[in-house]
Amino acid sequence: MLDYLSAAIASFASVEVLLALIVGVVGGMVIGIIPGLGPSVGIALLLPISFSMSPTAALVMMTAMYTTGVYGGSITAVLCHTPGTAASAATTMDGYALTQKGRGMEAISVVTVASVVGGIIGAVCLILFAPALGKISLMFSCLEYFLVACFGLLVVSGLTGDNQAKGFFSALLGLLIGCVGMDSISGVSRFTFGQLWLEDGLDSTPILIGLFSISQVLVLVDKLLRGSSATIVDDPAAGLTGKRWEKGNTKKLAPTMLRSSVIGSFVGFIPAAGCSIAAWISYSIAKQTSKKPEEFGKGSIVGIAASEASNNAACGGALIPLFTLGIPGSPVTAILYGALLMHGLQPGSGLFTGNKAVTTYAIFLGFLFANVLMGIIGLTMAKHMARICLVPNSVLVPIIVALACIGTYALSNNMMEVVIMLVFGLIGYLMKIFEFEPAPLVLGVVLADILESNFRRTLIMAAPKGGLIPYFLTRPVSIIIVLVILAFALAPVVIKAVQKKRA
């Protein structure tokens, strides 16, 4: 492996690959900032350009855009309450609250550092453990996917805010919305009301943009009409005079970033889980293990660090089954799978031996250095990004709406997606008024298809084995996941009991 790495370094150091790396990093950040586009659209646009490039340069550019696209979506999540990607939704919970307090520059710096730490740990796992972890992912079947989705749904308990009943109602509403469209098992249409455009179901991206972005636009418009605030914060200059990194942040955030990076890497390499679920799981765990859980949702830098470290680490984890087994677990990795085949790189053990191993490890090194370059650019530009606080709401509102509409329409070139976004924007605004949490609804929509389809496939596979319980007992990975779920569910009860005893 060391021989391959030394040769990979020489291959990576070429001018073509370095230029491709810069294009991927900068392009990913720009694409991520625009709501609705995200890395999948950016990588798809790069495919025709990569025809004339070497396999190393092409894949370095695309994987760099993957990880920096996730980071770029968090910039608008923090500054405008507009997550550019689904993976950045968890960051919105605390990032925008910090911006409103005049700490936008600090929030961007925490996002950047956490993303870099998560991305580097994910890249290290990719370089060192890809073949071994790839074999573990073969042990996952529909039962394991279903249990991981159940674990993700359990995260709702950490996102319900002050009123758990309203939080669980939002989650159930999200699961119901996720059932719209054609049933993936039987092919029966559900809740489509005869509308053909609903047969494919409701994409989570327009719902996400509507609930977080358009709803916040309506809040800003309401403030303008009331004349209460002309900008996002009352004193926008305060966010520019603060420090990028407060003293003590390293000691405070390091354990959270390391833990969340490990969680993100693990969740990422599970096909169909993805960066979004990894971010929510890490955010919820950080809240449950925090000594000050009441700060979460109101401007906690620990919450930002947890979600950002996890979603970028999940990018590296998601590349493991792609390169080792040829299993794409998300739209982004599906496009990357096509790019690998297009450049003559057949996923599997062959990518880790011979001349192809040099190309593979050069791509992995490109992914690693993309995160480092992303951190340098992000920290350098933090103060300039925070200047969005200076933009009057009368200018900011139309810009946000325009970007949201463009990004949503670009998903499938369908105006109905824009209509869905606007409808859920109104729903999100009403949820704010009546103090319902939008995060459980988004998570319910994301998990609905994973939960239902994998559970029904599990029942089909379990029938010849004598039923669900006997089948479950033959799956050691499933037993481990169930034990983790029970530990996660019981942890708050145990912590409260210990605290009560100490008091």
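The values are calculated or read from the model by the stated rules, or taken from the named source; none is laboratory data. In this text the structure is predicted, and so the values were computed from the model without any measurement. All Cβ positions, even for glycine, are placed from backbone atoms using ideal geometry, and neighbour counts span all protein chains on display. Just so you know, the surface numbers come from the protein's heavy atoms only, side chains and all, with ligands and any DNA or RNA stripped out. Shrake-Rupley method; radii C 1.70, N 1.55, O 1.52, S 1.80 Å.
General observations
- Qualifying residue in segment 365-382 (condition: open to solvent by less than 70 Å² (accessible area, probe 1.4 Å), at pLDDT below 85, in contact with a helix residue (DSSP H, G or I) (Cβ under 9 Å, 6 or more places away or on another chain) and assigned to a helix (DSSP H, G or I)): yes
- Check on THR353, under 16 Å from TYR71 (Cα atoms), without any contact (Cβ under 8 Å) to a residue 40 or more places away in the chain and among the polar types (S, T, N, Q): no
- Among the candidates SER50, SER40, residue that is surrounded by fewer than 24 Cβ atoms within 10 Å (Cβ to Cβ), of a type outside the set (Lys, Arg) and under 21 Å from GLY274 (Cα atoms): SER40
- Conditions (1) more than 30 Å from GLU144 (Cβ to Cβ); (2) charged (D, E, K, R); (3) part of a helix (DSSP H, G or I); number of the one not met by ASP449: (1)
- The combined condition, being among the basic types (Lys, Arg), in contact (Cβ under 8 Å) with a residue 12 or more places away in the chain and open to solvent by less than 60 Å² (accessible area, probe 1.4 Å), is not fulfilled by ARG457.
- Scanning segment 288-340 for residues being over 20 Å from VAL41 (Cα atoms), assigned to a helix (DSSP H, G or I), hydrophobic (A, V, I, L, M, F, W, C) and modelled with pLDDT of 80 or more gives a total of 9.
So that you can scan it fast, the table gives a plain yes or no per residue for (1) under 30 Å from ALA357 (Cβ atoms); (2) surrounded by 22 or more Cβ atoms within 10 Å (Cβ to Cβ); (3) in contact with a His (Cβ under 9 Å, 6 or more places away or on another chain):
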residue	(1), (2), (3)
ALA64	yes, yes, no
GLY72	no, yes, no
THR76	no, yes, no
ALA89	no, yes, no
VAL116	yes, yes, no
ILE136	yes, no, no
ASN163	no, no, no
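- Among the residues making up segment 163-219, those that are of a type in the set (Gly, Ala, Ser) and touching a residue at least 12 places away in the same chain (Cβ under 8 Å) are GLY167, SER170, ALA171, GLY174, GLY178, GLY181, SER184, GLY201, SER204, GLY210, SER213, SER215.
- When residues of segment 341-364 are limited to those that are in a helix (DSSP H, G or I) and open to solvent by 50 Å² or more (accessible area, probe 1.4 Å), the one modelled with the lowest pLDDT: SER349
- Residue list for segment 402-430, filter: surrounded by fewer than 17 Cβ atoms within 10 Å (Cβ to Cβ) and under 18 Å from GLY73 (Cβ atoms): ALA402, ILE406, ALA410
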